Amino acid sequence: MTHPEHLRDENADKLHRMRERDPELDRLTGHVRKFAAMMTGRDGDRLEDWISGAEQDNLAPLASFARNLRRDFDAVRNGLSLPHSSGAVEGNIN
């Protein structure tokens, strides 16, 4: 869950070795990092490309996640783009 630049050297080395040994983990890590960059950079305009890439990969759980994002595409894109958030009250107002 740590940003790659903030990993301790030994953890960065472990992750690098794991990614070298497991092509699926390597691809998954790439997708997750791109999604995290969209979230932190408010780059919702890149969502369609991310979803398409995830759907085309053969990582079934990731493709399923991407398809579910597509179901509410406008809301997800806006959540990744706009500075507004209901995070503080999410789940408290029913």
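The values are calculated or read from the model by the stated rules, or taken from the named source; none is laboratory data. Computed from a predicted structure; not experimentally measured. For the accessible areas, the whole protein counts, side chains as well, though only heavy atoms, and no ligand, DNA or RNA atoms are used. Shrake-Rupley method; radii C 1.70, N 1.55, O 1.52, S 1.80 Å.
Worth pointing out:
- Taking the C-alpha atoms only, the angle from helix 23-41 to the longest principal axis of the chain is near 40 degrees.
- Value of relative contact order over the chain, rounded to a whole percent, pairs C-alpha under 8 Å and six or more apart: 22 percent
- Area of LEU69 that stays accessible when all protein chains are in place (1.4 Å probe, Å², to 10): 20 Å²
- 0 to 90° range, to nearest 10: angle between helix 9-21 axis and the chain longest Cα axis: 80 degrees
- Crossing angle, helix 47-56 versus the chain [Cα axis fit, 0-90 degrees, rounded to tens]: 50 degrees
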